[in-house]
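Novice: One structure coming up, written as structure tokens, with questions to follow.
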Amino acid sequence: MTNLFVRGGISFVDRSEVLTHIGNEMLAKGVVHDTWPQALIAREAEFPTGIMLEQHAIAIPHCEAIHAKSSAIYLLRPTNKV
């Protein structure tokens, strides 16, 4: 079964802060190995996942499955544009 985590109401300075937050949250939830946060940041630096839609922007940051302990989705809606 896939774990689903949802969070909102947080503001961030930049995308680096967002990725760090996601990495820390997923570690705290116990669904990733300690290599996951850095792998996430490295993957996003090489191949950014940001997508601009008509009225919204989304990103689907991820990394190789070897860094995960179990499948999980973390939905995050910041209070500001990043």
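The values are calculated or read from the model by the stated rules, or taken from the named source; none is laboratory data. As the structure is a prediction and not an experimental result, all values here were calculated from the model. Cβ: placed from backbone, ideal geometry, glycine included. Neighbour counts: every protein chain shown.
Novice: Look through the stretch 47-78, keep the residues that are outside any strand (DSSP E or B), surrounded by fewer than 10 Cβ atoms within 10 Å (Cβ to Cβ) and more than 15 Å from the chain's Cα centre (by Cα), and return whichever of them is modelled with the highest pLDDT.
Specialist: Step by step, filter the stretch 47-78, then rank; the result is I66.
Novice: Need the failing condition index for G30 against (1) out of contact with any strand residue (DSSP E or B) (no Cβ under 8 Å at 6 or more places or on another chain); (2) on the phi < 0 side of the Ramachandran plot; (3) not acidic (D, E), just the number.
Specialist: Result: G30 fails condition (2) only.
Novice: Looking at the stretch 6-38 only, could you name the residues that are among the hydrophobic types (A, V, I, L, M, F, W, C), outside any loop (DSSP other than H, G, I, E, B) and farther than 16 Å from A59 by Cα?
Specialist: Answer for the stretch 6-38, where residues must be among the hydrophobic types (A, V, I, L, M, F, W, C), outside any loop (DSSP other than H, G, I, E, B) and farther than 16 Å from A59 by Cα: M26, L27, A28, V32, W36.
Novice: Does L40 satisfy the criteria of being surrounded by 13 or more Cβ atoms within 10 Å (Cβ to Cβ) and among the aliphatic types (A, V, I, L, M)?
Specialist: Yes.
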